[in-house]
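Chemist: My structure is below; once you've seen it, I'll send some questions.
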Amino acid sequence: MELIGAGRASQVFALDEGRVLRRADFDVSDEARTMRHVREAGYPVPEVLEVSGGEMTMERLHGPTLAAELIAGRIGGTQAAAILIDLHERLHRIPAPEWLPGAPRGVDLGGDSLLHLDLHPENVIVTDDGPRLVDWTNAARGADAADFAVSWAILAGVEPDDFGAEADRIATELGGLCAALAERASAEAIEAAIAYREADTSVEAAEISRALKKAAAASN
Ligand SMILES: Nc1ncnc2c1ncn2[C@@H]1O[C@H](COP(=O)(O)OP(=O)(O)OP(=O)(O)O)[C@@H](O)[C@H]1O
Ligand SMILES: [Mg+2]
């Protein structure tokens, strides 16, 4: 099987032109349930075809990730921000099912909206039919602002120097993106998002401290 994507928690294999298999080391039935729920509401998410334990067979999306487009300079920070914000706003309008957990990782995110909580450019695939959102592992209930704040915390933790010769351009794009997201996240939501990220042991402490420093600098 051809490996076409790998994250921290799973591997994605192409089965054929129309299907992928995502293999995770945790049960994905709740995640699949959320994906089916939002798809029914017209949200741009791949169709779930089959679920068994940690394995999910789903519709294969064709196109680069929004992260790849940003790094290549084909999509700029302003357009990327518009895409992320639109995906947030459309999601938050879908009623959250009552079986969706609140207070993920023990952190109260306020509110009662359906949140993705991992909405960043590597989880957005830019297809000919528009951007689509993958990786629904973290979906939970909370305030809209908390979802924006988690996206902000993830992007504020990215180190532009990791992009070598492109570092300055990436820093500018990220700065614009973070500002647009922070505008939609209250100070309270930023605090909750940082607590939520800190509660994830797989996130590097260095990433979080970078985000915290940026938050402190922005509030001065
Ligand atoms: N339906 C799909 N069609 C095509 N490619 C996909 C599909 N789903 C996921 N991918 C690719 O695989 C990558 C990893 O998938 P996903 O984000 O679901 O895994 P993950 O391990 O949960 O990621 P993370 O590291 O964010 O936890 C995605 O960034 C994307 O490039
Ligand atoms: Mg991912």
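Chemist: Checking the condition outside the structural domain of S10 (by TED's automatic domain parsing), among the hydrophobic types (A, V, I, L, M, F, W, C), farther than 19 Å from V48 by Cα and surrounded by 19 or more Cβ atoms within 10 Å (Cβ to Cβ), which residue from L117, L133 passes?
Modeler: None of the others qualify; the one that does is L117.
Chemist: Kindly provide the set of residues from the range 87-127 that are of a type in the set (D, E) and more than 16 Å from ligand 2 (Cβ to nearest atom), ordered by number.
Modeler: Answer for the range 87-127, where residues must be of a type in the set (D, E) and more than 16 Å from ligand 2 (Cβ to nearest atom): E89, E98, D108, D112.
Chemist: Right, next: Has the range 194-207 got at least one residue that is touching a Leu at 6+ places or on another chain (Cβ under 8 Å) and in the same structural domain as G76 (by TED's automatic domain parsing)?
Modeler: Yes: one or more hits.
Chemist: Still on this model: Mind listing just one residue for me: the one in the range 136-154 that is within 13 Å of ligand 1 (Cβ to nearest atom) and hydrophobic (A, V, I, L, M, F, W, C) and, of those, surrounded by the most Cβ atoms within 10 Å (Cβ to Cβ)?
Modeler: Per the stated criteria, the residue is V150.
Chemist: If a residue must be farther than 18 Å from S186 by Cα and either assigned to a helix (DSSP H, G or I) or of a type in the set (S, T, N, Q) (or both), how many such residues does the range 87-111 contain?
Modeler: 6
Chemist: Evaluate the following for A81: is it away from ligand 2 (no atom under 16 Å from the Cβ), hydrophobic (A, V, I, L, M, F, W, C) and out of contact with any Phe, Trp or Tyr (no Cβ under 8 Å at 6 or more places or on another chain)?
Modeler: yes
Chemist: For V45, indicate whether it is within 16 Å of ligand 2 (Cβ to nearest atom) and at pLDDT 95 or above.
Modeler: Considered against the rule, which asks whether it is within 16 Å of ligand 2 (Cβ to nearest atom) and at pLDDT 95 or above, V45 comes out as yes.
Chemist: Next question, about the same structure. Out of the residues in the range 10-20 that are surrounded by 15 or more Cβ atoms within 10 Å (Cβ to Cβ) and in contact (Cβ under 8 Å) with a residue 12 or more places away in the chain, state the one that is nearest to ligand 2 (Cβ to nearest atom).
Modeler: My answer is S10.
Chemist: Name every residue in the range 120-130 that is closer than 25 Å to D200 by Cβ and surrounded by fewer than 19 Cβ atoms within 10 Å (Cβ to Cβ), in order of residue number.
Modeler: Scanning the range 120-130 gives a single hit, E122.
Chemist: The conditions are (1) over 19 Å from S186 (Cα atoms); (2) touching a Leu at 6+ places or on another chain (Cβ under 6 Å), and Q79 fails exactly one of them. Which is it?
Modeler: Every listed condition holds for Q79 apart from (2).
Chemist: Return a yes/no flag: does the range 79-89 have any residue that is assigned by TED's automatic domain parsing to the domain that holds A180, in contact with a strand residue (DSSP E or B) (Cβ under 6 Å, 6 or more places away or on another chain) and surrounded by 15 or more Cβ atoms within 10 Å (Cβ to Cβ).
Modeler: yes
The values are calculated or read from the model by the stated rules, or taken from the named source; none is laboratory data. Since this is a predicted model, take the numbers as computed values, not measurements. Note that each Cβ is placed from the backbone with ideal geometry, even for glycine, and that neighbours are counted across all protein chains shown.
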